[in-house]
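K.L.:
I have a structure here, written as structure tokens, and I will follow up with some questions on it.
Computed from the coordinates by the stated procedures, all read-outs in this text should not be read as laboratory data. Everything numeric in this text was worked out from a predicted model, so none of it was measured. Cβ placement follows ideal geometry from the backbone for every residue including glycine, while neighbour counts extend to all protein chains displayed.
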Amino acid sequence: MRLLLDTHVLIWWDQGARLSREALRAIREADEVFVSSVSAWEIEIKRALGKVVANRTIAEAAQASGFSELPVLMRHTEQLRGLEPLHRDPFDRLLVAQARSESVVLVTRDPQVLAYGVPTIRA
């Protein structure tokens with residue numbers, strides 16, 4: 001199984017907290033785990049606004065866990081055209097688009113993301 005972690009899931013994984021047993025097992029047993037470059041963008045914006053305190057960068061956290069970076073590609077942004085406006089957060093919408101485009105399972109706890117019908121594992 002190939003997974004894409006929502007931003008909050010990577011943070012919780014890195015901190016060793018809050019993930020469901022199913023999510024923990026899936027991450028540990030996955031063939032490949034991706035972290036989107038959009039998550040790094042989101043965290044840096046929130047850090048600059050004082051909304052998030054991060055001990056290290058998303059790249060450092062992903063690398064320490066052996067996760068692969070998933071860059072934002074044009075085909076991912078083109079997937080946004082077909083998404084219903086169920087979620088107003090542009091970062092989460094792009095993660096959904098990437099999950100669809102790459103045929104990966106999205107690990108999230110966001111109920112608005114779950115509403116898109118992409119394969120998910122509840123964090």
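K.L.:
How many percent of DSSP beta bridges within the chain run antiparallel, rounded to 5?
P.N.:
0 percent
K.L.:
Sticking with this one: For the chain, set up a Gaussian network in which alpha carbons nearer than 10 Å are linked by springs, and say which option among Gly16, Gly82, Gly66 fluctuates the most.
P.N.:
Of the options given, Gly82 has the highest mean-square fluctuation.
K.L.:
In a shell of Cβ-Cβ distance under 12 Å around Ala23, excluding Ala23 itself, what net charge do Lys and Arg (+1) and Asp and Glu (-1) give?
P.N.:
Here the charged neighbours net out to +3.
K.L.:
Under a Cβ-only charge scheme (Lys and Arg +1, Asp and Glu -1), can you give me the dipole magnitude of the chain about the Cα centre, in debye to the nearest 20?
P.N.:
280 debye
K.L.:
Moving to a separate point now. With a cut-off of 20 Å, note down the residues of the stretch 1-34 whose backbone N falls inside the zone around a label point 7 Å from the Cα of Leu86 toward its beta carbon.
P.N.:
Zone members listed by number: 3-9, 23.
K.L.:
Taking mean projected area of the Cα convex hull in nm² as the quantity of interest, determine which of (1) 12.6; (2) 8.5; (3) 7.0 was computed from the displayed structure.
P.N.:
(3)
K.L.:
For the stretch 1-55 and the stretch 71-123, compute the distance between their C-alpha centroids and round to whole Å.
P.N.:
Centre-to-centre (Cα) distance: 15 Å.
K.L.:
For a paramagnetic label modelled at 7 Å from the Cα of Glu32 toward its Cβ, which residues of the stretch 1-25 fall within the zone defined by backbone nitrogen distances under 15 Å?
P.N.:
Within reach of a label on Glu32: 1-5.
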